[in-house]
Structures are given as structure tokens and as C-alpha cells.
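The values are calculated or read from the model by the stated rules, or taken from the named source; none is laboratory data. No experiment lies behind these values; they were computed from the predicted model shown. Backbone-built Cβ (ideal geometry, glycine too); neighbour counts: all protein chains shown.
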């Protein structure tokens with residue numbers, strides 16, 4: 001948890017790592033569109049192929065993808081069962097009287113599960129190959145055109161930057177406060193839920209007070225360092241859109257095109 | 001270079017003014033310590049130098065610019081770098097070099113120029129090898145040196161340390177003081193706000209604050225000899241000076257210029 | 001009665017992996033009534049060590065015994081937390097209650113004491129740290145000055161009336177007056193209740209003046225454990241560990257270099273002045 005700032009990011013030197021974060025976010029969006037365009041289970045082969053290609057190019061080990069799926073394994077099982085139970089259909093395979101197992105239900109269950117697995121795996125590809133800092137930069141740049149509608153793109157990115165910076169500090173601090181209250185005999189482990197929530201107050205209040213103080217001091221320090229909003233600000237690390245980025249985007253578009261053609265042909 | 005003219009400042013809802021008719025002049029290239037107990041007004045004074053606080057009456061002029069004019073604030077803050085007490089609460093980004101770049105980025109400087117400023121600043125605080133490290137893995141002293149690097153990247157002429165050593169351990173404190181001393185040698189004007197008298201022995205000048213007023217403004221050797229004034233201001237002279245003063249009471253005549261252990265031994269041994 | 005440390009070894013784990021040990025095979029005893037000063041470079045294991053004294057970090061069977069209570073057992077740990085009070089670095093960051101009195105009562109309440117006893121303890125603790133009950137008890141801890149907040153937090157530990165008081169750099173960040181207040185308070189509770197004090201500090205001068213015994217930690221091991229006089233007379237060894245010596249010791253070293261033979265066990269101003277008085281007397 002301490003290294004939450006790096007998120008799931010696995011440093012690397014692959015072509016996928018080197019892509020502009022804006023490109024990767026855009027491709028991610030295209031990929032989501034792809035998985036939602038799929039209406040028949042075997043067409044998932046297209047986004048799956050796309051994902052495998054990304055995986056091979058990024059040289060990210062499959063176990064990292066597995067790790068990101070692990071927390072949602074119960075959700076997946078639950079979704080599968082839900083679809084299996086509540087989807088109707090014609091082709092009855094098993095009749096228990098009060099409930100019929102149908103071929104359509106089985107297909108639908110697999111269909112939904114595969115879609116979620118593909119979405120989560122794709123999203124983790126983005127976070128595994130892009131540092132949160134690069135992501136923040138990418139989001140800021142992509143949202144910049146929205147400034148015309150007074151959308152606070154810079155402020156949003158600055159907030160994300162500061163949050164990433166301070167999460168580890170606040171984690172350390174809450175650990176210290178917890179120890180201090182335990183030394184005064186506080187008990188965080190026994191009692192019912194209501195008692196336990198109440199026992200958190202001696203941790204939460206000092207943590208809030210400390211966060212406010214941090215915010216205040218940080219604001220002063222930022223002002224002292226000439227911060228005056230996003231106006232006229234430059235960045236040391238420029239995002240660079242290279243040929244590789246163009247190529248990656250074109251490939252993604254090609255995948256979508258193929259998918260659409262297939263969808264039209266096999267309507 | 002810095003000029004306070006009859007500056008009075010009152011915080012909202014405060015009965016007593018935090019600064020009371022303070023006039024002060026600080027020359028270019030000097031190394032000045034501002035000392036006082038908690039609540040003496042020393043930090044309030046420091047925050048006036050870069051316009052974080054504006055005088056209720058009187059004026060503060062920095063490099064020829066008055067702080068109470070809105071359009072002067074950014075140029076002044078670029079000239080006056082300020083480091084604060086808590087090493088954790090003044091770094092903005094996760095990665096060291098990105099944090100150092102924060103100031104120049106705010107000024108809208110060319111990316112290539114920022115890069116070279118960042119490298120230069122990290123080198124002058126001796127943290128080049130940490131450029132790509134995460135800030136929260138550093139020690140307190142290292143964090144403060146990064147904060148100083150972030151200031152240097154703005155190319156200021158004045159460095160103000162607002163109790164920047166208070167939360168550091170002795171080795172972190174030494175790291176920071178050594179860094180600041182070497183910057184002073186390159187011509188930087190340094191103002192050090194502190195309550196540790198040990199840190200002030202090598203300054204050109206010590207300004208003692210009490211109840212929002214400057215009660216003494218002189219060289220370290222003169223200030224440390226003002227035993228009563230220091231006691232009234234709730235300050236304790238460095239340990240060696242305390243011993244020196246006690247030995248004087250025993251009848252040993254030791255000059256005011258004795259400020260450290262070596263000098264004391266040098267002065268007292270011939271008397272034995 | 002005493003705190004017995006018996007072959008204590010401890011390693012943190014990160015991501016399921018055991019890191020290199022922070023404490024290595026420590027064995028010694030903290031006797032009742034002592035003022036033990038703990039010094040060591042950052043990362044020497046000082047803070048990790050003191051967190052073992054009331055079971056905030058897990059220990060193996062029979063490695064930490066507080067008045068015979070083995071801290072490897074949960075029930076014994078709870079008991080030990082009442083015996084061993086712990087003041088962490090910047091303790092004012094733990095204040096949370098609406099009033100000073102309520103915050104100080106947190107510990108005694110957790111000990112399930114009776115209301116009148118809690119009240120007595122709160123008043124007594126406030127008196128010890130020099131906070132006037134009438135003036136401060138109803139005030140919010142968040143509107144106090146830095147020094148007052150620090151004293152409130154310390155009172156919150158003293159109200160548990162511990163037999164052993166552990167403090168991790170209790171003077172950090174305070175001005176000279178605040179530092180003096182805390183040190184005077186420690187001397188007073190030692191005198192009044194015979195409380196054993198265990199203090200981590202970076203100030204060699206404070207340790208020299210107040211400690212009856214000094215523990216020097218280096219990379220999780222005991223580098224020295226002796227009286228302050230004997231520990232500080234080894235200036236070279238301390239410096240090689242990245243530690244300094246009291247100012248008075250520096251003066252004595254410089255005097256010896258100049259041919260004046262003065263014992264290097266002198267480490268406080270009082271002892272130094274006594275030596276000078278002795279010299280005068282002879283002459």
C-alpha cells in the first residue's frame with residue numbers, strides 16, 4: 001500500500017511503455033468501444049487478439065493481469081450465476097420444474113463474464129504500462145480543449161498530482177496516530193460494527209486536522225514558488241506524439257473497422 | 001536589498017500586533033539570523049519578505065519592488081525563495097525532479113531551460129542521484145534539500161529559511177546548514193529564521209525579536225553577551241556560551257569573541 | 001520489578017517478505033527508577049525498540065517482559081500498556097477530543113476506571129504538566145499554542161499513571177523554554193512517583209544532564225550501555241557512529257589537546273564548573 005503512488009505501474013522499456021499517455025488513453029477508449037460493439041460471443045476474438053498483441057508488445061507478464069483480476073473474482077462468479085439464473089431462452093437443457101437451464105443462459109453468462117474480464121484486463125494494461133504521473137499529464141492534455149467550456153482541466157490534474165504525492169504521507173501518519181491511540185489503550189479490534197466505527201474517531205479526527213494543516217502549508221509553499229494557476233504554465237516533460245503513436249492509433253482503428261465489417265456481414 | 005520601513009502587522013481578530021513598527025535593512029550577500037521564541041513575530045516577519053503577508057502599515061521593499069503592489073508579487077517571489085518548517089508539506093509532486101521543476105514551470109519557462117535549471121539545482125544541493133526517486137522515500141534532511149533545489153530553480157537572489165531545520169535530526173540539520181552555507185558563498189543573501197542559537201554562531205548578524213519588535217540587531221559575539229536580554233526574550237545562548245559566561249562568574253576573563261569549544265579551550269587553558 | 005529484554009530480534013515485513021532485521025539479539029534490563037537515555041543515528045532501531053516496550057510491535061515468547069508480563073501474549077499486552085506509557089514524536093498530532101480534559105481522560109477511560117478516579121487523574125496530570133485546570137480543561141486542544149498542545153498530549157499519557165514512561169524525542173520542534181518545561185516535568189515525576197523514564201533524544205546535552213544510564217544503538221545492536229560519563233568519554237567511538245558528544249565533552253577534549261589534563265568523563269556544565277572550582281581551590 002505504501003507504494004500506492006506507483007499504483008500498479010511496472011516500469012519497462014517496451015514500445016507500449018514509451019507511447020504517449022494521450023495515445024494510450026485514447027486507445028483504451030477505442031478498446032472499450034470495441035468490447036461493447038461485440039454482440040456475439042465469438043467476435044470477442046477481435047478485442048482479445050488486440051489485448052494479446054498489446055500484452056506481447058509490452059512484455060508485461062501475464063501474472064500481473066491475473067493479479068488485477070483477482071480482487072473481482074467473486075463479482076465475476078456472482079455475475080455469471082445471476083445471468084445463468086435469470087436469463088430465459090428456448091433451448092432447454094435441464095428442467096427442474098421451478099427453473100430451466102437454457103443454452104441461451106449459458107451463452108449469455110459467458111458473454112457477460114468475458115466482457116468484464118476483457119475490460120478489466122485492458123484497463124490494467126493501461127495502468128501497468130503508464131505511471132500515474134504520466135496518466136495525470138495525459139488526462140490534463142486531453143481535457144484541455146474542454147477549457148473552452150470552463151472545464152477545470154489544469155485544476156483537476158493538479159489535484160490528482162497532489163493526491164498522489166500525499167497518499168503515502170497520510171498513510172504513514174494514520175499508522176502513527178493509530179499506534180499512539182493504541183498505546184493509550186484504544187481498542188480497534190473488538191466489539192460490533194457500531195463500536196468499531198466509533199473507535200475510529202480518535203484516528204480520523206487527528207488525521208483530518210493534519211490534512212487541513214498540510215493543505216494550508218502546501219498552499220503557502222506553492223504560492224511562494226510562484227504558483228498562480230494553470231495560466232502561462234509550461235512543463236518540463238513535454239508529451240511527444242511520435243510516429244509510433246500514430247501507428248498505434250491506426251492499428252486500433254483498423255481493429256475496430258474489421259470488427260464493424262464483421263458485425264455488418266454477420267448481422 | 002530588503003528594506004522594512006515602520007512595518008506593523010496585525011492578524012485578524014488579534015489583540016496585539018504581530019509586528020510592531022519594525023524597521024530593518026538587509027544588505028545583498030549577507031547571512032542574517034532572525035531569532036525569537038514561538039510567537040515573537042519572527043515567522044511573520046519572514047512571510048512579509050515575499051508578500052505572503054502584507055503590512056497593515058508601513059512598507060516592505062525587496063530588490064527595489066514594494067510588496068504591496070499586486071504586479072510586484074510574482075517578480076518578488078522569483079527573487080525571494082522560501083523554505084518552510086515541515087519537509088513533508090512543501091513538496092508538490094511525487095518525483096524529485098518534477099518537484100524541482102514546479103517553480104520554473106509556474107514562470108512559464110522553456111522546457112529545455114527548465115531541464116538545465118533542474119539539473120543545476122539538484123547538483124548544487126548534492127541530490128543529482130535522487131532525480132527520479134519518489135519524494136516520500138527520502139529522509140527529512142533530503143526532503144529539505146529538495147525544497148531548496150526547488151527554490152534554486154527559480155534563480156532567486158535571496159533565500160529565506162523559515163525554521164527549516166526545526167523538524168530535522170542533527171545530521172539532517174547539518175546537511176541543510178552546510179548546503180545553505182555553500183550557497184551563501186556563491187553570493188546568495190540568506191535569512192535564517194530559527195530558535196536554535198547554535199545555528200547562528202557563523203552568521204554575520206543576528207536580529208532578536210520579542211513581542212513583535214526587534215530588540216537587538218548585532219553580530220553573534222555581541223548578541224550572545226547580552227545575557228539578560230536573551231533571558232527576557234526566552235532564548236538560550238549556545239551551550240558553550242553558557243559555560244563561558246559561568247566561567248566568567250568564577251573569575252576567568254574570557255573575551256566575547258569566544259563562541260565555540262575550541263575557542264573556549266584556547267582562551268581558558270593559558271589561565272590555568 | 002523491571003523491564004527485561006531477552007534476545008530480542010525483530011524484522012519488519014514488506015509485501016509478505018521479511019526484511020533485514022531492525023533489532024538484533026538485544027539483551028539487557030531496564031531497572032525501576034532509572035532514567036534511560038537512548039541515542040543512535042536515524043535508522044539505528046531506536047523507535048522500533050521502544051515500540052516493543054508496550055507490545056505495539058509483536059515479540060516472540062519470553063523476549064520482552066514488563067514486570068514479568070510476557071508481551072507475546074495478547075492479554076498480557078493489554079496489561080503492559082497500562083504499565084508502560086508511550087509518548088511518541090510530535091504527540092500533539094494525536095489529540096482528538098473536544099476538550100483538553102476529555103482528551104486526557106481517554107487513556108483512563110480505556111482502562112475502565114471509575115468516574116471520580118478518572119477526574120482525579122485528569123486533574124493531577126494537568127497539574128503535573130503545568131496546565132491550570134480551571135483555565136484549560138474546557139478548551140479545545142486545537143486552539144492551544146504548540147507548547148500547550150504538547151503538554152496536553154503528555155498529560156494524556158501521564159493520566160494512565162504509568163510505572164514506566166517512554167518518550168520518543170519529546171522536545172522535538174519546541175523552543176528553548178518549551179524544552180526546559182518538558183525536562184523539568186520529567187525530573188518532577190521521577191521525584192514524585194519514582195517513575196522509570198526511557199527517553200530517545202538527539203540532544204546529547206540533555207541526555208548528559210538527565211540520564212542515569214545511556215543506551216547507544218547502532219544498526220539494531222547495543223553499541224554501548226553505561227553511565228553517561230563513561231559513554232560520552234568515548235567521543236571517537238560515538239563520532240564513528242555518526243553521533244556527537246555533549247558540548248562540555250568537546251570543551252574537555254579541546255583542553256586535553258592543549259595539555260590540560262581534565263577527565264573526559266566530565267559531560268555536564270555543573271561537573272565542569274566543579275572541576276574549575278577544584279582547580280581554583282588548589283591554587
Quiz item: Exactly one of (1) under 18 Å from residue A:26 (Cβ atoms); (2) more than 14 Å from chain B (Cβ to nearest Cβ); (3) in contact (Cβ under 8 Å) with a residue 12 or more places away in the chain is unmet by residue A:140. Its number?
Solution: (2)
Practice problem: Answer with yes or no whether residue B:208 is crowded, with 19+ Cβ neighbours inside 10 Å, over 18 Å from residue B:82 (Cα atoms), away from chain A (no Cβ under 14 Å) and out of contact with any helix residue (DSSP H, G or I) (no Cβ under 7 Å at 6 or more places or on another chain). | Solution: no
Self-check item: Condition broken by residue C:161, with the remaining ones in (1) more than 9 Å from every other protein chain (Cβ to nearest Cβ); (2) on the phi < 0 side of the Ramachandran plot; (3) under 18 Å from the mean Cα position of the chain (by Cα) satisfied
Solution: (2)
Self-check item: Among residues of the stretch A:123-132, those that are assigned to a helix (DSSP H, G or I) and buried (at least 22 other Cβ atoms within 10 Å of the Cβ), counted
Solution: 3
Quiz item: within 12 Å of chain A (Cβ to nearest Cβ) and more than 26 Å from residue B:28 (Cα to Cα): does that describe residue B:118?
Solution: no
Quiz item: Could you list, in sequence order, the residues of the stretch A:99-110 that are surrounded by fewer than 17 Cβ atoms within 10 Å (Cβ to Cβ) and touching a residue at least 24 places away in the same chain (Cβ under 8 Å)?
Solution: A:107, A:110
Quiz item: With respect to the numbered conditions (1) more than 30 Å from residue C:80 (Cβ to Cβ); (2) surrounded by 16 or more Cβ atoms within 10 Å (Cβ to Cβ); (3) touching a residue at least 24 places away in the same chain (Cβ under 8 Å), which one is the sole condition not fulfilled by residue A:87?
Solution: (3)
Practice problem: State which residue is nearest to the other protein chains (Cβ to nearest Cβ) when the search covers only the stretch B:211-242 and only residues that are assigned to a helix (DSSP H, G or I) and surrounded by fewer than 19 Cβ atoms within 10 Å (Cβ to Cβ). | Solution: B:242
Exercise. Could you check residue B:103 against (1) closer than 27 Å to residue B:220 by Cβ; (2) buried (at least 23 other Cβ atoms within 10 Å of the Cβ) and say which number it fails?
Key: (1)
Practice problem: Run residue C:170 past the list (1) in contact with a strand residue (DSSP E or B) (Cβ under 7 Å, 6 or more places away or on another chain); (2) over 30 Å from residue B:261 (Cβ atoms); (3) crowded, with 24+ Cβ neighbours inside 10 Å and report the number of the one that doesn't hold. | Solution: (2)
Exercise. Return yes or no: is residue B:110 without any contact (Cβ under 8 Å) to a residue 40 or more places away in the chain, out of contact with any helix residue (DSSP H, G or I) (no Cβ under 8 Å at 6 or more places or on another chain) and within 11 Å of chain A (Cβ to nearest Cβ)?
Key: yes
Quiz item: For residues in the stretch B:64-97 being facing chain A (nearest Cβ under 7 Å) and over 20 Å from the mean Cα position of the chain (by Cα), which is surrounded by the fewest Cβ atoms within 10 Å (Cβ to Cβ)?
Solution: B:74
Practice problem: Among the numbered conditions (1) surrounded by fewer than 22 Cβ atoms within 10 Å (Cβ to Cβ); (2) away from chain A (no Cβ under 12 Å); (3) more than 16 Å from the chain's Cα centre (by Cα), tell me where residue B:125 comes up short. | Solution: (1)
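Just need a number here: residues in the stretch C:8-24 that are closer than 22 Å to residue C:84 by Cβ and assigned to a strand (DSSP E or B). Talk me through it step by step, then tell me what you get.
Taking the stretch C:8-24 and keeping what is closer than 22 Å to residue C:84 by Cβ, we get C:8-10, C:12, C:22-23.
When the remaining residues are screened for being assigned to a strand (DSSP E or B), the result is C:8-10, C:23.
Residues flagged as closer than 22 Å to residue C:84 by Cβ and assigned to a strand (DSSP E or B) within the stretch C:8-24 amount to 4.
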Exercise. Provide a single number: the residues in the stretch B:257-272 that are more than 9 Å from chain C (Cβ to nearest Cβ), under 26 Å from residue C:175 (Cα atoms) and either surrounded by 15 or more Cβ atoms within 10 Å (Cβ to Cβ) or more than 27 Å from the chain's Cα centre (by Cα) (or both).
Key: 2
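Residues checked against (1) modelled with pLDDT of 90 or more; (2) under 20 Å from the mean Cα position of the chain (by Cα); (3) within 28 Å of residue A:250 (Cβ to Cβ):
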{"site": "A:20", "(1), (2), (3)": "yes, yes, yes"}
{"site": "A:50", "(1), (2), (3)": "yes, yes, yes"}
{"site": "A:56", "(1), (2), (3)": "yes, no, yes"}
{"site": "A:80", "(1), (2), (3)": "yes, no, no"}
{"site": "A:88", "(1), (2), (3)": "no, no, no"}
{"site": "A:94", "(1), (2), (3)": "no, no, no"}
{"site": "A:119", "(1), (2), (3)": "yes, yes, yes"}
{"site": "A:126", "(1), (2), (3)": "yes, yes, yes"}
Exercise. Out of the residues in the stretch C:101-147 that are within 14 Å of chain A (Cβ to nearest Cβ), in contact with a helix residue (DSSP H, G or I) (Cβ under 9 Å, 6 or more places away or on another chain) and part of a loop (DSSP other than H, G, I, E, B), state the one that is nearest to residue C:86 (Cα to Cα).
Key: C:111
Exercise. Restrict the check to the stretch C:66-75 and report whether at least one residue is within 9 Å of another protein chain (Cβ to nearest Cβ) and closer than 17 Å to residue C:157 by Cβ.
Key: no
Quiz item: Which of the residues spanning the stretch C:71-99 are under 16 Å from residue C:164 (Cβ atoms) and either in contact with a helix residue (DSSP H, G or I) (Cβ under 8 Å, 6 or more places away or on another chain) or in contact (Cβ under 8 Å) with a residue 40 or more places away in the chain (or both)?
Solution: C:71, C:81, C:82, C:83, C:84, C:85, C:86, C:87, C:88
